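Engineer: For reference, the structure I am asking about is given below.
The values are calculated or read from the model by the stated rules, or taken from the named source; none is laboratory data. On a predicted model such as this, the values are computed, not experimentally measured, just so you know. Cβ atoms come from the backbone with ideal geometry, glycine included; neighbour counts cover every protein chain shown.
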């Protein structure tokens with residue numbers, strides 16, 4: 001066992017208590033509950049291990065920035081987010097969401113896996129290295145935001161205004177989860193996102209349903225509009241939607257083909273009889289990585305309470321999210337959506353947007369990939385599966401497109417983490433593997449990056 005690993009083992013209980021202090025502090029960004037206090041607590045934790053730390057105010061929630069620099073060495077930028085989702089419904093938690101506990105080898109609490117424990121692994125990795133060797137093998141910068149769960153609205157302008165401050169050779173962070181088989185992952189990208197709301201009003205107020213002979217029903221108009229977006233083969237019908245989709249490279253296809261895949265077990269897990277087709281295949285992982293989506297997230301109109309009410313509603317609305325793959329532009333897709341529905345006769349639709357996030361993917365043949373693969377393998381005892389990207393969305397594009405820096409994700413939570421849901425958990429040993437992986441990554445990059 002290396003000196004830094006020994007340090008982590010000796011101080012295991014203290015490290016856990018420090019993490020628990022962070023988990024006890026609410027930081028619910030969507031309703032500004034405890035976010036500033038959490039930023040201050042995180043900044044103190046970073047300062048205590050020798051990281052030079054600053055808190056930057058934004059229009060919404062603070063950004064915590066830190067650095068520990070070594071002249072002439074490569075620079076690693078660590079990203080993370082300290083904000084969390086609301087914990088409701090509270091009655092479904094087995095223990096209070098902001099009172100972390102360990103049960104069955106898991107740390108339960110809101111933010112445990114998403115993302116407080118996973119970002120904290122890098123703070124503790126720095127402490128272990130400095131206490132063991134007196135300094136780091138490379139320069140490390142930290143960028144921890146408090147708005148990821150609300151779409152990171154302040155991160156893009158902060159990055160654009162602080163390019164020199166954030167200059168680095170590569171970005172690494174830990175979020176999401178390892179493969180359900182227990183294999184570690186190295187994730188090279190995330191999908192983009194366009195989240196829109198469609199609203200149709202056909203009359204000033206609700207009417208008696210007997211008037212449906214003459215008065216237009218907005219729910220029907222909305223159903224017809226939504227049905228125009230996709231055909232029954234799962235293909236999006238918006239003209240030019242697929243035009244800029246970047247085709248996967250042979251290396252990317254090969255990487256996805258290496259992901260363990262038990263279709264029957266996955267279908268059983270999701271409770272479905274079959275998977276939907278993509279443009280080429282029904283293969284779950286091929287489509288998760290390479291296919292864009294058009295998904296109806298919710299529809300509201302009329303009376304949906306118990307019993308019956310014969311009403312002709314005046315308003316109908318739906319929320320639709322599009323997961324986008326590299327080279328698809330959310331603003332451009334939004335324009336295509338509006339043009340298409342106008343041409344189909346739905347000029348009366350009112351539009352709202354909730355999120356526009358660009359897709360991101362670091363090339364699979366980037367020279368950092370073998371170094372990170374080796375660093376992860378040393379801790380987990382097996383080589384990580386390489387995902388060109390996963391199905392979720394996030395701010396990776398800020399690093400790859402704005403800062404022009406390759407970005408990699410190394411998750412440590414388990415697939416049953418329940419992030420965004422009651423009883424969110426972080427695997428206890430996964431947390432400590434995360435610290436050791438952070439140590440391994442910094443040592444590997446310090447020695448091998450040129």
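Engineer: Where the second residue is surrounded by fewer than 13 Cβ atoms within 10 Å (Cβ to Cβ) and the first is assigned to a loop (DSSP other than H, G, I, E, B) and lies in the stretch 235-259, which pairs have Cβ atoms under 7 Å and are six or more apart or on separate chains?
Structural biologist: If the second residue must be surrounded by fewer than 13 Cβ atoms within 10 Å (Cβ to Cβ), the pairs left are 237/231.
Engineer: So in the stretch 176-189, with the set limited to residues that are within 21 Å of residue 359 (Cβ to Cβ) and at pLDDT 95 or above, which one is surrounded by the most Cβ atoms within 10 Å (Cβ to Cβ)?
Structural biologist: 188
Engineer: Among the residues of the stretch 225-246, which ones are in contact with a helix residue (DSSP H, G or I) (Cβ under 8 Å, 6 or more places away or on another chain) and farther than 30 Å from residue 347 by Cα?
Structural biologist: none
Engineer: Regarding the stretch 145-155, can at least one residue be identified that is in a strand (DSSP E or B), closer than 28 Å to residue 41 by Cβ and touching a helix residue (DSSP H, G or I) at 6+ places or on another chain (Cβ under 6 Å)?
Structural biologist: yes
Engineer: Just for the stretch 350-365: of the residues that are surrounded by fewer than 19 Cβ atoms within 10 Å (Cβ to Cβ) and in a loop (DSSP other than H, G, I, E, B), which one is nearest to the chain's Cα centre (by Cα)?
Structural biologist: Ranking the qualifying residues of the stretch 350-365, first place goes to 363.
Engineer: With respect to residue 99, determine if the residue is modelled with pLDDT of 95 or more, in a loop (DSSP other than H, G, I, E, B) and surrounded by fewer than 16 Cβ atoms within 10 Å (Cβ to Cβ).
Structural biologist: When the stated conditions are applied, residue 99 passes them.
Engineer: For the stretch 18-29, enumerate the residues that are part of a loop (DSSP other than H, G, I, E, B) and in contact with a helix residue (DSSP H, G or I) (Cβ under 6 Å, 6 or more places away or on another chain).
Structural biologist: 25, 27
Engineer: Criterion first (under 30 Å from residue 133 (Cβ atoms), in a helix (DSSP H, G or I) and either within 18 Å of the chain's Cα centre (by Cα) or touching a residue at least 60 places away in the same chain (Cβ under 8 Å) (or both)) does residue 445 satisfy it?
Structural biologist: yes
Engineer: How many residues does the stretch 277-297 contain that are out of contact with any strand residue (DSSP E or B) (no Cβ under 7 Å at 6 or more places or on another chain), within 22 Å of residue 240 (Cβ to Cβ) and in a loop (DSSP other than H, G, I, E, B)?
Structural biologist: Number of matching residues: 5.
Engineer: Still on this structure, I have one more. Out of the residues in the stretch 284-301 that are farther than 19 Å from residue 329 by Cβ and out of contact with any helix residue (DSSP H, G or I) (no Cβ under 8 Å at 6 or more places or on another chain), state the one that is surrounded by the fewest Cβ atoms within 10 Å (Cβ to Cβ).
Structural biologist: 298
Engineer: On to the next question. Any chance the stretch 209-219 includes a residue that's farther than 23 Å from residue 123 by Cβ, in the same structural domain as residue 62 (by TED's automatic domain parsing) and touching a residue at least 24 places away in the same chain (Cβ under 8 Å)?
Structural biologist: no
Engineer: Name the residue that is nearest to the chain's Cα centre (by Cα), counting only residues in the stretch 298-338 that are free of Cβ contacts under 8 Å to residues at least 40 places away in the same chain and assigned to a loop (DSSP other than H, G, I, E, B).
Structural biologist: 304
Engineer: Scan the stretch 131-144 for residues that are out of contact with any helix residue (DSSP H, G or I) (no Cβ under 9 Å at 6 or more places or on another chain) and in contact (Cβ under 8 Å) with a residue 60 or more places away in the chain and jot them down.
Structural biologist: Correct list: 139, 141.
Engineer: Being in a loop (DSSP other than H, G, I, E, B), over 24 Å from residue 113 (Cβ atoms) and over 14 Å from the mean Cα position of the chain (by Cα) narrows it down to one of 168, 181, so name that one.
Structural biologist: 168
Engineer: Applying the selection to the stretch 274-297, what residues are over 15 Å from residue 196 (Cβ atoms) and touching a residue at least 40 places away in the same chain (Cβ under 8 Å)?
Structural biologist: Matches in the stretch 274-297: 276, 277, 278, 279, 288, 289, 290.
Engineer: OK, next. Mind listing whichever residues of the stretch 140-157 are surrounded by 20 or more Cβ atoms within 10 Å (Cβ to Cβ) and at pLDDT 95 or above?
Structural biologist: Scanning the stretch 140-157 gives 140, 141, 142, 143, 144, 145, 146, 147, 154, 155.
Engineer: Here is a further query. Every residue in the stretch 424-433 that is surrounded by 19 or more Cβ atoms within 10 Å (Cβ to Cβ) and more than 15 Å from residue 122 (Cα to Cα), please.
Structural biologist: Of everything in the stretch 424-433, those that are surrounded by 19 or more Cβ atoms within 10 Å (Cβ to Cβ) and more than 15 Å from residue 122 (Cα to Cα) turn out to be 424, 425, 426, 427.
Engineer: Which of the numbered conditions does residue 254 fail, given that it passes all the others? Conditions: (1) more than 30 Å from residue 359 (Cβ to Cβ); (2) at pLDDT 95 or above.
Structural biologist: (1)
Engineer: Kindly provide the set of residues from the stretch 342-365 that are in contact with a strand residue (DSSP E or B) (Cβ under 9 Å, 6 or more places away or on another chain) and more than 24 Å from residue 278 (Cβ to Cβ), ordered by number.
Structural biologist: 346, 348, 349, 350, 351, 352, 353, 354
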